[in-house]
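K.L.:
For reference, the structure I am asking about is given below.
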Amino acid sequence: MADPFDPAMFAILVVDDEPANRDLLSRRLERKGYFVKTASSGAEALETISTMRPDVVMLDITMPGMSGVEVLAEVRKKWTFAEQPIIMCSAQTDSSLIATCLTNGANDYVTKPLDMPVVLARLQSALSLKLAVDQLHAREAQLQAIADLSRDLIVLCKPDGVIRYASPSAREVLKLAPEQLVGKGLFELVFPSDLATLPATPGDLPSGKVDTLRLIRGDGRTAWVELRAIVLRGTRSNKVTEIQVSFRDISFFVDAATGTPTTPEPPVRRGSINPHGG
């Protein structure tokens with residue numbers, strides 16, 4: 001496996017209207033192994049970011065036309081500081097300007113003349129965040145791919161229990177399109193008289209425990225399901241960060257009148273031999 005901080009893995013966009021500053025920083029980064037692209041204006045920077053999506057942007061603040069602060073504001077309308085890291089570069093050391101940049105979503109701030117060991121350290125810090133976010137998105141995409149292929153209904157919920165993703169099996173289990181579940185509260189799906197078997201809030205669902213209950217289908221009927229939940233919590237805060245729930249449809253194995261599980265006899269194949277004779 002490649003070193004996660006192998007510079008050759010990353011593309012850096014250097015934005016500066018001064019050719020000397022732009023070329024000097026570009027050459028220094030290239031000597032360290034980074035792939036470097038440059039832009040000489042705010043407008044060019046925005047176009048390059050949209051098409052190239054660099055791993056980190058080194059952004060000069062004082063530029064004619066569109067300033068670095070304005071570029072930062074435009075980028076943050078589309079991408080978070082984790083999705084598109086930006087390090088501001090300026091000869092200005094005014095604390096209010098630094099605070100403005102950081103408050104508006106800059107990942108970091110370095111002053112000119114640039115101290116390269118400091119620049120490289122700040123750059124690696126920004127890249128580590130970007131790498132972690134990319135890996136998280138990859139794992140989430142993998143989980144969604146598995147959920148998309150599962151016959152169980154799988155939903156991902158926000159900490160308050162509001163559904164943000166529902167798997168395609170919603171069409172089979174609940175007779176609803178997945179997008180119809182997004183935005184609903186998890187417990188809104190549960191048949192009212194079965195709510196008594198659940199805790200007061202989705203975040204209190206015991207991880208791994210199996211509950212048998214009914215869900216309300218889109219056609220007004222009910223579906224018996226086995227509910228399994230995984231409640232994810234922050235390692236330090238212990239606060240709920242996400243709730244993952246799977247519903248396995250067991251309607252075929254439950255007596256609709258009594259709600260008790262049944263074990264139906266396997267069907268006898270035509271032409272099969274009766275072991276008891278006859």
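K.L.:
If you compute percent of Cα pairs over 32 Å apart for the structure shown, which of [x] 18; [y] 36; [z] 49 do you land on?
P.N.:
Computing percent of Cα pairs over 32 Å apart and matching it to [x] 18; [y] 36; [z] 49 gives [z].
K.L.:
So who's got an amide H within less than 5 Å of the one on residue 165, skipping anything under 5 residues away but keeping other chains? H placed 1.01 Å off N, in plane.
P.N.:
Amide H neighbours of residue 165, under 5 Å, 5+ apart: 156.
K.L.:
Still on this structure: Mind listing the long-range amide H neighbours of residue 66? Cut-off is under 5 Å, sequence gap 5 or more, other chains count too, H placed in the peptide plane at 1.01 Å from N.
P.N.:
When sequence neighbours closer than 5 places are left aside, the close amide H contacts are 42, 43.
K.L.:
Whole-Hz ³J(HN,Hα) for each residue in region 189-200, computed from phi via Karplus 6.51 cos²θ - 1.76 cosθ + 1.60 with θ = phi - 60°, x for glycine and proline: what do you get?
P.N.:
Along region 189-200, the couplings run 7, 7, 4, x, 6, 8, 5, 5, 7, 10, x, 5 Hz.
K.L.:
Skipping prolines and chain starts, which residues have an amide H placed within reach, meaning under 5 Å, of the one on residue 242, given they are 5 or more residues away or on another chain?
P.N.:
Those qualifying (amide H under 5 Å, at least 5 residues apart or on another chain) are 232.
K.L.:
In addition: All other residues with a Cβ under 12 Å from the Cβ of residue 14 taken together, and with Lys, Arg as +1 and Asp, Glu as -1, what is their net charge?
P.N.:
-3
K.L.:
While we're here: Once phi is turned into ³J(HN,Hα) by the Karplus curve 6.51 cos²θ - 1.76 cosθ + 1.60 with θ = phi - 60°, what whole-Hz value does each residue of region 13-26 show in order, with x for glycine and proline?
P.N.:
Calculated HN-Hα couplings, in order: 9, 9, 10, 6, 7, 8, x, 5, 5, 5, 5, 5, 5, 4 Hz.
K.L.:
Excluding residue 163 itself, calculate the net charge of residues whose Cβ lies under 11 Å from the Cβ of residue 163, where each Lys or Arg counts +1 and each Asp or Glu counts -1.
P.N.:
In short, 0.
K.L.:
Another question, then. Quick one: how many lysine pairs in the chain have C-alpha atoms under 29 angstrom apart, if they're 8 or more apart or on different chains?
P.N.:
The result is 28.
K.L.:
What are the ³J(HN,Hα) couplings of region 99-111, residue after residue, when phi is run through the Karplus curve with 6.51, -1.76, 1.60 and θ = phi - 60°? Round to Hz, x for glycine and proline.
P.N.:
4, 4, 4, 5, 5, 8, x, 5, 6, 6, 8, 10, 9
K.L.:
Given Cα positions, please report Rg to Rh for region 164-236, the hydrodynamic radius being the Kirkwood one.
P.N.:
Computed over Cα atoms, the ratio is 0.97.
K.L.:
Helix 116-149 versus the longest principal axis of the chain: what angle, 0 to 90°, nearest 10, using Cα atoms?
P.N.:
Taking Cα atoms only, the helix is inclined about 20 degrees.
K.L.:
Once you order the gyration tensor axes a ≥ b ≥ c over the Cα atoms, which shape class does region 81-120 get: rounded for a/c under 1.5, otherwise prolate or oblate by comparing a/b with b/c?
P.N.:
Oblate shape, in that a/c is at least 1.5 and b/c is the bigger or equal ratio.
Each reported figure results from applying straightforward, stated rules to the coordinates on display, with no laboratory input. Only a predicted model underlies this, so the values are computations on that prediction, with no experimental measurement involved. With ideal geometry, Cβ positions are generated from the backbone for all residues, glycine too; neighbour counts draw on all protein chains shown.
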